[in-house]
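Reading through the structure tokens given below for one structure.
The values are calculated or read from the model by the stated rules, or taken from the named source; none is laboratory data. Small disclaimer: the values here were computed from a predicted structure and weren't measured. Note that we place each Cβ from the backbone using ideal geometry, even for glycine, and neighbour counts take in every protein chain shown. Accessible surface areas use protein heavy atoms only, side chains included; no ligands, DNA or RNA. Shrake-Rupley method; radii C 1.70, N 1.55, O 1.52, S 1.80 Å.
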Amino acid sequence: MTDSIFDAVIAYGIWGVMLSSFLSCLLIPIPTSLMMLAAGALAASGDLDLAPLIAATFFGAVMGDQTGFFIGRTGGARVLARLGARSPARKAVIARAEALVERRGGVGVFFSTWAVAPLGPYVNIAAGAARLPWLRFTVADILGELIWVNVYVWTGYIFASNITEVSTLMSDVIGLLVATVVAAVALYWAKGVLKAQKNKRG
């Protein structure tokens with residue numbers, strides 16, 4: 001774990017981690033997972049209070065997801081189209097997020113918050129655009145964020161003495177998940193293109 005992440009958590013404290021969790025749910029590239037690990041380690045050393053840390057980080061994550069959901073609800077397909085226009089890779093990710101919401105609904109939202117977190121911000125917007133019922137979205141979101149926040153904060157807390165090694169391992173796991181998601185999205189997109197071309201020829 002880089003010293004800069006520890007320095008950021010020390011400088012901004014719980015409020016900084018909360019803001020990070022909020023912004024990361026809105027497609028802002030912030031290493032929130034590593035910040036939660038660092039914050040958990042600092043809580044173990046007594047520099048931060050554990051319970052307020054978990055509560056504030058959880059609140060930030062849920063509010064970020066809710067903001068994304070209502071952006072999708074108010075902007076709909078226009079927002080997704082604008083995001084997808086910036087790159088083919090992002091367009092494929094959006095297609096995967098839309099498919100996940102369409103096929104799995106609230107279950108898809110639940111897993112996107114922690115199991116496939118890189119897909120989460122897109123799923124939030126897609127869920128709003130698809131008019132997924134707000135209550136269903138919120139329940140799934142809360143349950144998922146409880147897992148995401150607690151896993152990282154408690155991991156940092158429990159393994160504070162080996163936080164560098166743990167953060168490296170967790171980064172590798174995150175990288176593997178991202179690579180898996182990207183590969184799955186690319187395959188899904190390629191199959192869609194081939195199917196569309198076949199239908200056009202037919």
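Restricting the search to region 128-151, which residues are part of a helix (DSSP H, G or I) and either of a type in the set (D, E) or open to solvent by less than 30 Å² (accessible area, probe 1.4 Å) (or both)?
The answer is G128, F137, T138, A140, D141, G144, E145, W148, V149.
I'm trying to understand the selection: among the residues of region 94-152, which are among the small types (G, A, S) and within 13 Å of the chain's Cα centre (by Cα)?
A97, G108, S112, A115, A117, G120, G144, listed by residue number.
What's the number of the condition W114 fails, among (1) in a helix (DSSP H, G or I); (2) surrounded by 15 or more Cβ atoms within 10 Å (Cβ to Cβ)?
Of (1) in a helix (DSSP H, G or I); (2) surrounded by 15 or more Cβ atoms within 10 Å (Cβ to Cβ), only one is false for W114: (1).
Would you mind stating whether V149 is at pLDDT 95 or above and on the phi < 0 side of the Ramachandran plot?
Yes: the conditions hold for V149.
Hey, among V93, V107, V101, which residue is surrounded by fewer than 18 Cβ atoms within 10 Å (Cβ to Cβ), of a type in the set (A, V, I, L, M) and either more than 18 Å from T155 (Cβ to Cβ) or touching a Pro at 6+ places or on another chain (Cβ under 7 Å) (or both)?
V107
Please work out which residue is farthest from the chain's Cα centre (by Cα), limiting yourself to region 56-90 and to residues that are aliphatic (A, V, I, L, M) and within 15 Å of S20 (Cβ to Cβ).
A56
Condition check: open to solvent by 50 Å² or more (accessible area, probe 1.4 Å), within 20 Å of V151 (Cβ to Cβ), in contact (Cβ under 8 Å) with a residue 12 or more places away in the chain and part of a helix (DSSP H, G or I). Does F6 satisfy that?
Judged against the criteria, F6 is not a match.
Going through region 15-55 one residue at a time, which ones are surrounded by fewer than 21 Cβ atoms within 10 Å (Cβ to Cβ) and at pLDDT 95 or above?
Within region 15-55, W15, G16, L19, L23, D49, L50, A51, P52, A55 meet the criteria.
Which one is nearest to V62 (Cα to Cα) among residues in region 110-136 that are in contact with a Phe, Trp or Tyr (Cβ under 6 Å, 6 or more places away or on another chain) and of a type outside the set (S, T, N, Q)?
The extreme case among them is W114.
If you check every pair at least six apart or on different chains, which have Cβ atoms under 9 Å apart with a residue in region 93-118 that is over 20 Å from G64 (Cβ atoms) first and a residue that is open to solvent by less than 30 Å² (accessible area, probe 1.4 Å) and not in a helix (DSSP H, G or I) second?
Here the result reads G105/L132, each pair linking region 93-118 to a residue that is open to solvent by less than 30 Å² (accessible area, probe 1.4 Å) and not in a helix (DSSP H, G or I).
Can you tell me how many residues within region 74-117 are among the polar types (S, T, N, Q) and modelled with pLDDT under 85?
1
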